[in-house]
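Trainee: Following this message is one structure expressed as structure tokens.
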Amino acid sequence: MKSNNKFIKIAVPVLAVLLSFLVGAILIACIGGNPAQAYQYLFKGAFGNLSNFGETVVKATPLIFTGLAATFAYKCGVFNLGAEGQFVMGACASIFVSTTFTGLNGVSLLIVSLLSGVIAGGAWGYIPGILKITRGLNEMIVSIMLNYIAILFMGFLYTGPFRDGNLPQTAAVTAKLARFVGNTRIHAGIILALVLALVLYYFLFYTSKGFQLRAVGLNQTASQFNGYPVKKLMLLSFIISGAIAGLGGSVELHGTQFRLMAGFGDGYGFDGVAIALIGQLNPVGTVVVAYLFAVLRAGATTMQVGTGLPTSVIDIIQALVIIFAVAGSAFVNLPHIRQFLANLSSKKAEEV
Amino acid sequence: MEVFLNWNFIQELILSTIRMATPILIVALAELYSERAGMVNIGLDGIMAFGALIGFLVSYSTGQPLLGVLAGAVGGIVINSVYAFCTIHLGAEQIVYGMAINIFAPAIASFLYKIKFGISSSLAQATLMQEMPIPVLSSIPVIGKLLFSHTPIIYLAYLLVPLSYVFFSKTKAGLNYKAVGEFPKAAETMGIPVVRTKYLACMICGALAGIGGAYLTTCYISTYSDGVVSGRGFIALSAVIFGRWMPGGVLLAALLFGFTDALQIRLQVLNSSTPYQLLAMIPYLCTLFVLAFFGIKKAGPAANGRPYFREER
């Protein structure tokens, strides 16, 4: 039964991806394009050569962070839709540190700056968490409102106090994350992201605190009876989730963008939620799906140049994946379908 | 202070409060109808975006904003039927699926817009809906201009409030409808078609949220752009909570949020020295504070958000 479960958990998202590509192909054909050619350009744009591959990794890095943020919160049964705000606040804190503490040298400045991102993100995640456990507020609404506030705040920063020159943007940070693969823009952030994913995986599935956290996510009442500090764990998961997203924002600033400007972090929060859900709320799955999303994004531009199809075709495929994956997960959990699948696997076992 | 206390400013403020509250009110009513049947739909933002696009496209190509609004309603129903099927029949978690709609619907809207107007388009403009002053009433001094010379959609939105109140509190159909959100099992036993009611709720929700989105592109700004909804769906969601799941309460909440939005715009016009981002935060901050002080979780329908399986005990 266990292995069967695992199989389904992988099969559902894979099928969802394939189905989305199929629907995407139909869509492309409908608007007069050639699906095979379009997908060829898509994958060429994503894997064609080293620098293309590098771009997919660069694009995947922030998505891994926001995806992990969403996964971590959801594991404890709270919905963090505010990863975008936390991401942005993390970057804002880093800009503040980078431009204020000019006395520090390269590496130490980088570390302080990344830490400030973690703290700012965590603080931004603390707000919906504390409002949920003390006032019973809907954390989704609170975190969404905080997203808009954070984005406006960032806008205030790059047009106001931290503006540099004529364009509405901040000065570039001086401390940059190291780039280590040839000519590509791949930076040390990806290593941070992967290590973080493994740490979270270990924490959630192999430590007692992680177990308590997941227990709260599965059944609050039972956890309460077991004496787990339910509210504290919820708050904690919100803070950590925010901190992860904040670190993501800081890494994106120091590794890829270097400046704050309009559109920084745009859409990463919701994409993170989508990635977490398609990745079946597993940190490793999250990394895989984040990479898939990055492939779609990096390839989309090449496809647009090569075939003239708008990149939003790819947005639709991305959105379809989540529609199919969530519906699929619900479908296999329907009582009679679950029974059917269980029968199927027990028959197989008998045959063996 | 003189700038704020003159009559012209106050009049403009009241007028734009009524205008800004309308989309929030319509969409909050959409959510009210949905949640009263136990369907929490956080995909309002997405449905609005889709309604806004469809409304814009139709009004752009026919020159009839009213047709655009109708088309927006149809578009909303289409998108929300995906949500309805997956949550009611497949038993997907409502919150999660609402989120999926939030990602899915704007992507489609943006795609359709680009198909129609090309990849690098300048902003296409459509005609805005004309105001339709109500004959006798609009000639009353002061009040006539403030309350009775608006677009038809605004009248519709405010008319829906007393109608919804009567429906939910005074009619048998309304009480049956509410029973589905409170205790579906008991409702089913009494012969109320639970699944059908839930589908109906999703249709109403989709239609109203679509109209709310279409209002933005046919009555408020004459063009569509990605992000035109800018969180109004979520503000509407909080209006339902703040309004304690009652039509009158929802109206008050929508007016309050509309007021903050109007105030923010008026202030931007008046003092250009303050960075506009700080003023633009007002509606969101206000939503947060209002929720923090008045939002209490335990007031909604009892079976809100729970999946319903007929066969399950």
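Trainee: One residue is enough: does segment B:123-140 have a residue meeting the conditions of a type in the set (Asp, Glu) and within 30 Å of residue B:37 (Cα to Cα)?
Mentor: No - not one qualifying residue is present in segment B:123-140.
Trainee: What number goes with the only condition from (1) crowded, with 24+ Cβ neighbours inside 10 Å; (2) over 15 Å from the mean Cα position of the chain (by Cα); (3) among the hydroxyl-bearing types (Ser, Thr, Tyr) that residue B:34 does not pass?
Mentor: (2)
Trainee: Of everything in segment B:192-217, what is hydrophobic (A, V, I, L, M, F, W, C) and in a loop (DSSP other than H, G, I, E, B)? Give them in sequence order.
Mentor: B:192
Trainee: Just a yes or no: is a residue in segment A:241-248 without any contact (Cβ under 8 Å) to a residue 60 or more places away in the chain, among the hydrophobic types (A, V, I, L, M, F, W, C) and part of a helix (DSSP H, G or I)?
Mentor: Taking every residue of segment A:241-248 in turn, none turns out to be without any contact (Cβ under 8 Å) to a residue 60 or more places away in the chain, among the hydrophobic types (A, V, I, L, M, F, W, C) and part of a helix (DSSP H, G or I).
Trainee: Moving to a separate point now. In this structure, is residue A:302 buried (at least 19 other Cβ atoms within 10 Å of the Cβ) and away from chain B (no Cβ under 14 Å)?
Mentor: In short, yes.
Trainee: Within segment A:305-317, which residues are more than 7 Å from chain B (Cβ to nearest Cβ) and either surrounded by fewer than 24 Cβ atoms within 10 Å (Cβ to Cβ) or in a helix (DSSP H, G or I) (or both)?
Mentor: A:305, A:306, A:307, A:308, A:311, A:314, A:317
Trainee: Right, something else. Regarding residue A:291, is this residue crowded, with 22+ Cβ neighbours inside 10 Å, more than 10 Å from chain B (Cβ to nearest Cβ) and more than 24 Å from residue B:116 (Cβ to Cβ)?
Mentor: Judged against the criteria, residue A:291 is not a match.
Trainee: Let me ask something else. Can you run down the residue pairs with Cβ atoms below 9 Å, 6 or more apart or on separate chains, where the first is in segment B:147-160 and free of Cβ contacts under 8 Å to residues at least 60 places away in the same chain and the partner is β-branched (Val, Ile, Thr) and in a loop (DSSP other than H, G, I, E, B)?
Mentor: B:148/B:134; B:148/B:136; B:148/B:140; B:149/B:134; B:155/B:134
Trainee: Conditions: (1) at pLDDT below 90; (2) within 12 Å of chain A (Cβ to nearest Cβ). Residue B:97 meets all but one. Number of the miss?
Mentor: Exception for residue B:97: condition (1).
Trainee: While we're looking at this one, here's another question. Checking residue B:180 against (1) surrounded by 16 or more Cβ atoms within 10 Å (Cβ to Cβ); (2) free of Cβ contacts under 8 Å to residues at least 24 places away in the same chain: exactly one of these is not met. Which one?
Mentor: Residue B:180 satisfies all of (1) surrounded by 16 or more Cβ atoms within 10 Å (Cβ to Cβ); (2) free of Cβ contacts under 8 Å to residues at least 24 places away in the same chain except (2).
Trainee: Whether any residue in segment B:278-301 is under 30 Å from residue B:195 (Cα atoms) and more than 14 Å from chain A (Cβ to nearest Cβ) is what I want to check.
Mentor: The answer is yes; a qualifying residue exists.
To keep it simple, each residue is scored yes or no on (1) crowded, with 18+ Cβ neighbours inside 10 Å; (2) at negative phi; (3) over 18 Å from the mean Cα position of the chain (by Cα); (4) assigned to a helix (DSSP H, G or I).
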{"residue": "A:124", "(1), (2), (3), (4)": "yes, yes, no, yes"}
{"residue": "A:158", "(1), (2), (3), (4)": "yes, yes, yes, yes"}
{"residue": "A:167", "(1), (2), (3), (4)": "no, yes, yes, no"}
{"residue": "A:194", "(1), (2), (3), (4)": "no, yes, no, yes"}
{"residue": "A:200", "(1), (2), (3), (4)": "yes, yes, no, yes"}
{"residue": "A:224", "(1), (2), (3), (4)": "no, yes, yes, yes"}
{"residue": "A:227", "(1), (2), (3), (4)": "no, no, yes, no"}
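Trainee: Quick check: anything in segment B:54-64 at pLDDT 90 or above, away from every other protein chain (no Cβ under 14 Å) and surrounded by fewer than 16 Cβ atoms within 10 Å (Cβ to Cβ)?
Mentor: Yes; the residues of segment B:54-64 include at least one that is at pLDDT 90 or above, away from every other protein chain (no Cβ under 14 Å) and surrounded by fewer than 16 Cβ atoms within 10 Å (Cβ to Cβ).
Trainee: Where in segment B:218-313 are there helices (runs of 4 or more DSSP H), lying wholly inside it, with at least 2 residues that are at pLDDT below 90 and β-branched (Val, Ile, Thr)?
Mentor: In segment B:218-313, B:247-270, B:282-294 are the helices (runs of 4 or more DSSP H) which contain 2 or more residues that are at pLDDT below 90 and β-branched (Val, Ile, Thr).
Trainee: So which helices (runs of 4 or more DSSP H) are wholly in segment B:2-66 and hold at least 3 residues that are among the acidic types (Asp, Glu) and out of contact with any Ser or Thr (no Cβ under 6 Å at 6 or more places or on another chain)?
Mentor: B:7-36
Trainee: Please give the number of the condition residue A:265 fails out of (1) in a helix (DSSP H, G or I); (2) away from every other protein chain (no Cβ under 11 Å); (3) crowded, with 24+ Cβ neighbours inside 10 Å.
Mentor: If we test residue A:265 against (1) in a helix (DSSP H, G or I); (2) away from every other protein chain (no Cβ under 11 Å); (3) crowded, with 24+ Cβ neighbours inside 10 Å, just (1) comes out false.
Trainee: Let me ask something else. Of the residues in segment A:121-137, how many are within 13 Å of another protein chain (Cβ to nearest Cβ) and of a type in the set (Ser, Thr, Tyr)?
Mentor: 1
Trainee: A follow-up question, please. Consider residue A:149 carefully, then state whether it is free of Cβ contacts under 8 Å to residues at least 40 places away in the same chain and within 10 Å of chain B (Cβ to nearest Cβ).
Mentor: Spelling it out, it is not the case that residue A:149 is free of Cβ contacts under 8 Å to residues at least 40 places away in the same chain and within 10 Å of chain B (Cβ to nearest Cβ).
Trainee: Here's another thing I want to ask about it. Return a yes/no flag: does segment B:143-157 have any residue that is under 26 Å from residue B:299 (Cβ atoms) and either modelled with pLDDT of 95 or more or of a type in the set (A, V, I, L, M) (or both).
Mentor: Yes, there is a match, as at least one residue in segment B:143-157 is under 26 Å from residue B:299 (Cβ atoms) and either modelled with pLDDT of 95 or more or of a type in the set (A, V, I, L, M) (or both).
Trainee: Given the criterion without any contact (Cβ under 8 Å) to a residue 40 or more places away in the chain and either basic (Lys, Arg) or more than 28 Å from residue B:178 (Cα to Cα) (or both), identify the matching residue among B:14, B:54, B:10, B:18.
Mentor: B:10
Trainee: Take the conditions out of contact with any strand residue (DSSP E or B) (no Cβ under 9 Å at 6 or more places or on another chain) and surrounded by fewer than 16 Cβ atoms within 10 Å (Cβ to Cβ) and apply them to residue B:159. Does it pass?
Mentor: Yes: the conditions hold for residue B:159.
Trainee: OK, next. Among the listed residues B:37, B:126, identify the single one that is in contact with a helix residue (DSSP H, G or I) (Cβ under 6 Å, 6 or more places away or on another chain), more than 9 Å from chain A (Cβ to nearest Cβ) and closer than 26 Å to residue A:31 by Cβ.
Mentor: Of the residues listed, the single one that is in contact with a helix residue (DSSP H, G or I) (Cβ under 6 Å, 6 or more places away or on another chain), more than 9 Å from chain A (Cβ to nearest Cβ) and closer than 26 Å to residue A:31 by Cβ is B:126.
Trainee: Do we find a residue being among the hydroxyl-bearing types (Ser, Thr, Tyr) and buried (at least 23 other Cβ atoms within 10 Å of the Cβ) anywhere in segment A:99-107?
Mentor: no
Trainee: Against the conditions (1) of a type outside the set (S, T, N, Q); (2) part of a helix (DSSP H, G or I); (3) surrounded by fewer than 22 Cβ atoms within 10 Å (Cβ to Cβ), where does residue A:150 fall short? Just the number, please.
Mentor: (3)
The values are calculated or read from the model by the stated rules, or taken from the named source; none is laboratory data. Every value quoted in this text rests on a predicted model; they were computed, and no experiment measured them. Positions of Cβ are backbone-derived with ideal geometry, glycine not excepted, and every protein chain shown enters the neighbour counts.
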